[in-house]
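J.: A single structure is presented below for examination.
Each reported figure results from applying straightforward, stated rules to the coordinates on display, with no laboratory input. Everything numeric in this text was worked out from a predicted model, so none of it was measured. Backbone-built Cβ (ideal geometry, glycine too); neighbour counts: all protein chains shown.
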Amino acid sequence: MVWAVSLIFGIYPVYFLRRKGRVPQGKSYMHTTVLVDSGLYAIVRHPQYLAGILLNLGLMLISQHWLIVVLGAPAMILMYVDILNADQHEVEKFGDEYRRYMQTVPRVNFILGIFRAWQRGKPG
């Protein structure tokens, strides 16, 4: 189940960023020119990092071997540190628009993200 969720968060952004991010012709989907804040990006800011974290968690749960935990836990921590760096990069790229986005959408907590998205869509 964890891997299935990981696949969604890992693969979906490849297509979605290319479609919504105004990626220049011939560039990678990562070279967006506009801030994408819809789809999965309305739930979490970093779905592909979340996919990597969930993939590691899934491996640890499946194997239940101490060596996999010893290797997987630091990998998850390093991914989170990279998320912090990615946020800084996006602030430099998109400025105040990204800062506002950071206040609305959590980094990787998709449960909180779903709740917040539901709250935003709920009639006031």
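J.: Quick one: helix 110-121 against the long Cα principal axis of the chain, what's the angle to the nearest 10°, folded into 0 to 90?
T.: That works out to roughly 30 degrees.
J.: On to the next question. Can you compute the charge dipole magnitude of the stretch 45-114 about its Cα centre, using +1 on each Lys and Arg Cβ and -1 on each Asp and Glu Cβ, nothing else charged? Give it in debye, rounded to the nearest 20.
T.: Working: 5 positive and 6 negative charges, 32 e Å.
For the stretch 45-114, the charge dipole is close to 160 debye.
J.: In terms of Cα to Cα distance under 30 Å, which lysines are near enough to residue 93, apart from those fewer than 8 places away along the same chain?
T.: Within reach: 20, 27.
J.: Any chance you could give the angle, 0 to 90 degrees and rounded to 10, that helix 47-63 forms with the longest Cα principal axis of the chain?
T.: 10 degrees
J.: Continuing with the same structure: For the chain, what is the mean residue ellipticity at 222 nm derived from helices alone (per DSSP H run of n ≥ 4: -39500 (n - 2.57); sum divided by total residues; nearest 500 deg cm²/dmol)? Don't skip to the answer; put the middle values down first.
T.: Details: 5 runs with 86 residues, N = 124.
Calculated at 222 nm, the ellipticity per residue is -23500 deg cm²/dmol.
J.: Further, regarding this structure: Once both axes come from the Cα atoms, what is the angle between helix 2-20 and the longest principal axis of the chain, in degrees from 0 to 90, rounded to 10?
T.: Helix 2-20 sits roughly 20 degrees off the main axis of the chain.
J.: Placing +1 at every Lys and Arg Cβ and -1 at every Asp and Glu Cβ, with all other atoms neutral, what dipole size does the stretch 1-118 have around its Cα centre, in debye to the nearest 20? Don't jump to the answer; show the numbers that get you there.
T.: Numbers: 11 positive and 7 negative charges, 71 e Å.
Approximately 340 debye in magnitude.
J.: Moving on to the next point. Which value, in nm² and rounded to one decimal, describes the direction-averaged projected area of the C-alpha convex hull of the stretch 45-114?
T.: Numbers: hull surface 19.5 nm².
Computed as one quarter of the Cα hull surface, the answer is 4.9 nm².
J.: Only one of the values (1) 43, 42, 24; (2) 45, 33, 28; (3) 35, 33, 28 was calculated from this structure for Cα extents along the principal axes in Å; name its label.
T.: Identified label for the calculated read-out: (1).
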